[in-house]
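Let me begin by presenting the structure, written as structure tokens, before commenting on it.
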Amino acid sequence: MSSSNALRSSKLVSWNRTGRLQQTLADCVERQGKALHSGKVSTVRLCPERASRGRYFDFRSNFVPASVEFAQVSPLCTTLYKGGFRIRTVEHLLSALEASGVDNCRIEIEDSDTQGHDAEIPIFDGSAREWVAAVEEVGLTVATDLDGKSVEKMAPHVNEPVYAWRNDSFVAAFPSEVVRITYGINFSQAPVIGCQWFSTPPLDNLVYSMQIALSRTFCIYEEVEQMRNAGLIKGGSLENAIVCSASKGWLNPPLHFSDEPCRHKILDLIGDLSLFAQFGNQGLPVAHIVAYKGGHALHTDLARRLIGMI
């Protein structure tokens, strides 16, 4: 069975063979924790799935594919929406699954609100560490289809430069033989963060787990009240983010890396671009991806441009 039968291509992207087979989890694994924005406790169960099914969320038997077609612009996180059901803050989990090679996965979500139509993924310490550990706990296996056959994994290769931008922020993808990511941030209101750049070596699961997955989400202390007044970060604390004061610096050191905020933006970018995945194939484009002052909206705009949606 070919995994490329129904792949959506554009002049910007070619789907090429990887020489590897699609994978899934070897068993189910479960994690429970508090959500960053709603503050509610939710339980996420990661389950094996057949080849070519891809990654999707199962919330009260309503299926929401982890696809850019269902991505919504929302403040400070990536949200998926389909059929009246909304899954928020998916980026850290999807980042870990994409980087760890979990191509096909049913992601079951439960929370205490039995009537609501919104669910949110737990934040844990603000990094992807817990999700990487969950994958390592059960391991991977070759995914098979209904006939018991394996499927070769395809990867999207960028053929020509493509970019999305807004004011002085941009994210761009350039043709490359390997996946590399270069990211810049500039927080002039917080001098201890300031301008940072980080560039990955050719990205694989080891580089991800050692250099990216441990980097935590961050915020500016002086902006916390404004975010809470907007109904955000109800579950935020010094345990699930690194917090920087414009005048006092980091309030909960030590950092895992001196450039941890910049590395975390790469973590987010991988999760957002994983939404480019189709039918259990690679989502992260084979390209040199360069971003400056990006965010979830720009990341998903790039994925939409690559797929020809905009």
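The values are calculated or read from the model by the stated rules, or taken from the named source; none is laboratory data. Given the structure is predicted, the values throughout are model-derived calculations rather than measurements. Counting neighbours? That spans all protein chains shown, and the Cβs are built from the backbone with ideal geometry, glycine included. Protein only, heavy atoms only, side chains kept; ligands, DNA and RNA dropped before computing areas. Shrake-Rupley method; radii C 1.70, N 1.55, O 1.52, S 1.80 Å.
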Query raised in the report: If you roll a 1.4 Å probe over region 228-310 with all protein chains in place, what percent of the accessible area is carbon or sulfur?
Result: 52 percent
Query raised in the report: How about residue 265: which aspartates and glutamates have a C-alpha closer than 18 Å to its C-alpha, ignoring those fewer than 8 places off in the same chain?
Result: 91, 98, 125, 130, 168, 204, 301
**Report entry** Around residue 120: net Lys/Arg minus Asp/Glu count, Cβ-Cβ under 11 Å
**Finding:** +2
Query raised in the report: In terms of the Cα gyration tensor, with a ≥ b ≥ c the square roots of its eigenvalues, is the chain rounded because a/c is under 1.5, prolate because a/b exceeds b/c, or oblate?
Result: oblate
**Report entry** Considering only region 114-248, percent of DSSP beta bridges that pair antiparallel, nearest 5
**Finding:** 80 percent
**Report entry** the chain: most fluctuating residue of 70, 124, 218 per GNM, C-alpha cutoff 10 Å
**Finding:** 70
Query raised in the report: Going through region 209-297, which trypsin sites (Lys or Arg not before Pro) have at most 13 other Cβ atoms within 10 Å and a DSSP loop state?
Result: 248
Report task. Quick one: work out the % antiparallel among DSSP beta bridges in the chain, nearest 5. Result -> 75 percent
Report summary line: Out of 278, 115, 23, a Gaussian network model of the chain with alpha-carbon springs under 10 Å gives the largest mean-square fluctuation to 115
Query raised in the report: Rounded, prolate or oblate: which one fits region 1-84, using the alpha carbon gyration tensor with axes a ≥ b ≥ c (rounded when a/c is under 1.5, else prolate when a/b beats b/c, else oblate)?
Result: oblate
Query raised in the report: GNM, the chain, Cα, under 10 Å: largest mean-square fluctuation among 246, 213, 287?
Result: 246
Report summary line: In Å², rounded to a whole number, the accessible area per residue of the chain with probe 1.4 Å is 43 Å²
Query raised in the report: What's the local net charge at residue 188, with K and R +1, D and E -1, over the other residues with C-beta under 15 Å away?
Result: -2
Query raised in the report: In deg cm²/dmol, rounded to 500, what helix-only [θ] at 222 nm does the chain give when every DSSP H run of at least 4 residues adds -39500 (n - 2.57) and the total is split over its residues?
Result: -5000 deg cm²/dmol
Query - Cα centroid separation, region 220-263 to region 106-127 (Å) - result: 22 Å
Report task. Provide the solvent-accessible area of residue 88, counting protein heavy atoms only and rolling a 1.4 Å probe, rounded to the nearest 10 Å². Result -> 50 Å²
Query raised in the report: With a sphere of radius 15 Å drawn around the Cβ of residue 100, what net charge do the other residues whose Cβ falls strictly inside it have (Lys, Arg +1; Asp, Glu -1)?
Result: -4
